[in-house]
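Below: one structure, written as structure tokens.
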Amino acid sequence: MRAGLAPAVTGARVVSVTVLDDRALTRHRGAASDFESALTGRVLTGAVRRGKFLWLPIETDAAARAVVGHLGMSGQLLLRAPGAPAERHERVRIELAHPRHGELAVVFADQRTFGSLAIDDLVPTIDGAAGGFGSDVALVPVQAAHIARDPLDPAFDEALFRRRVGASASAVKRVLLDQTTVSGIGNIYADESLWAARVHPETPSRALATRTVTRLLDEVRVVLERALAEGGTSFDAQYVNVNGQAGYFAHSLRAYGRTGQPCPRCGTPILRVSFTNRSSHFCPRCQRRRGAR
DNA sequence: CTCTGTTCCTGGCAGC
DNA sequence: TGCTGCCAGGAACAGA
């Protein structure tokens with residue numbers, strides 16, 4: 001989605017902003033009118049991502065700011081022609097004028113309203129490296145500053161990741177889902193990475209051998225790279241790119257959502273168990289539970 | 001301090 | 001056919 005937005009928004013001026021549902025601004029400090037006025041007339045300078053946060057920096061002569069978005073479960077950022085009919089679950093529309101591409105609309109649509117947009121200040125990154133993918137600027141929105149980099153980021157702090165994994169008594173899957181330790185991993189990619197690394201999701205994190213942590217991190221990277229290459233994981237119309245097209249990674253899932261179906265490695269039926277109000281899917285034979293618990 | 005459970009929301013679906 | 005209830009998920013937050 002970031003890659004799709006970048007060429008369309010970079011250098012574009014905001015012509016108008018329409019907030020149709022205030023719940024789309026739950027991350028925004030201030031009223032919808034403030035969101036609209038902070039953006040209208042400004043030029044956007046790119047599209048940047050860290051983990052599951054996405055932001056569009058705003059060209060200003062004052063303090064650095066950006067439109068920050070988190071898609072939650074069902075959020076979408078779609079590129080549409082100006083004046084295009086309202087999308088189902090449309091919450092915010094930003095009309096843009098691009099010097100080369102002409103006029104277009106960025107539409108934020110979100111069925112379950114876990115996602116939201118905000119205007120946020122940009123602050124320097126702690127490590128001095130670029131804030132995220134899509135920019136060389138060492139700035140990050142306040143809202144995303146506490147989030148770790150994702151493991152594909154060249155500045156990902158692998159030593160910190162290893163320390164956190166080695167220190168925690170929690171289930172390793174919970175550590176993978178903790179965005180302050182490593183970002184970009186949700187329930188689906190956690191299950192897929194654990195299956196690929198042959199690690200039981202409830203293994204106490206600190207009980208993992210060093211070589212197992214290495215293998216797990218390697219597999220996380222393989223899963224994320226492949227998911228990005230295939231445009232994400234689409235189960236339904238909610239998971240789409242900026243043109244509303246579905247990603248293909250759902251066809252590559254080995255464990256997630258495959259309850260009762262044979263493990264692609266050994267044929268044992270995949271198990272589904274309840275885990276922190278979610279579900280874990282894993283192979284009971286390939287992913288043996290290790291360590292005291 | 002670390003860790004865990006709850007909460008927000010909507011639409012698709014199973015079951016009656 | 002139409003109703004009810006369950007489920008999916010990310011992250012902030014409260015509380016242990």
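The values are calculated or read from the model by the stated rules, or taken from the named source; none is laboratory data. Keep in mind it's a predicted model, so treat the numbers as computed, not measured. Every residue, glycine among them, receives a Cβ derived from its backbone with ideal geometry; neighbour counts consider all protein chains shown. Side chains are part of the model used for accessible areas, which takes the heavy atoms of the whole protein and leaves out ligands, DNA and RNA. Shrake-Rupley method; radii C 1.70, N 1.55, O 1.52, S 1.80 Å.
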*Identify the single condition in (1) modelled with pLDDT of 95 or more; (2) open to solvent by 60 Å² or more (accessible area, probe 1.4 Å) that A:VAL140 does not satisfy, given that it satisfies every other one.*
(2)
*In this structure, is A:VAL165 among the aliphatic types (A, V, I, L, M) and more than 17 Å from A:GLU225 (Cβ to Cβ)?*
yes
*asked:* Give me the residue from segment A:23-57 that is open to solvent by 30 Å² or more (accessible area, probe 1.4 Å) and in contact with a His (Cβ under 9 Å, 6 or more places away or on another chain) and, out of that set, farthest from DNA strand C (Cβ to nearest atom).
replied: A:ASP34
*Residue satisfying condition, being surrounded by 14 or more Cβ atoms within 10 Å (Cβ to Cβ) and either at negative phi or not in a loop (DSSP other than H, G, I, E, B) (or both), within set A:ALA169, A:ALA159, A:ALA86, A:ALA118*: A:ALA118
*Restricting attention to segment A:176-200, which residues are open to solvent by 10 Å² or more (accessible area, probe 1.4 Å) and assigned to a helix (DSSP H, G or I)?*
A:LEU177, A:ASN187, A:ILE188, A:TYR189, A:TRP195, A:ALA196
*Name the residues in segment A:193-232 that are in contact with a strand residue (DSSP E or B) (Cβ under 9 Å, 6 or more places away or on another chain) and within 15 Å of DNA strand C (Cβ to nearest atom), would you?*
A:LEU194, A:TRP195, A:PRO201, A:GLY232
*Find the residue count for segment A:201-217, including only residues that are part of a loop (DSSP other than H, G, I, E, B) and not acidic (Asp, Glu).*
4
*Which condition breaks for A:THR60 when tested against (1) within 16 Å of DNA strand B (Cβ to nearest atom); (2) at pLDDT below 90; (3) not hydrophobic (A, V, I, L, M, F, W, C)?*
(1)
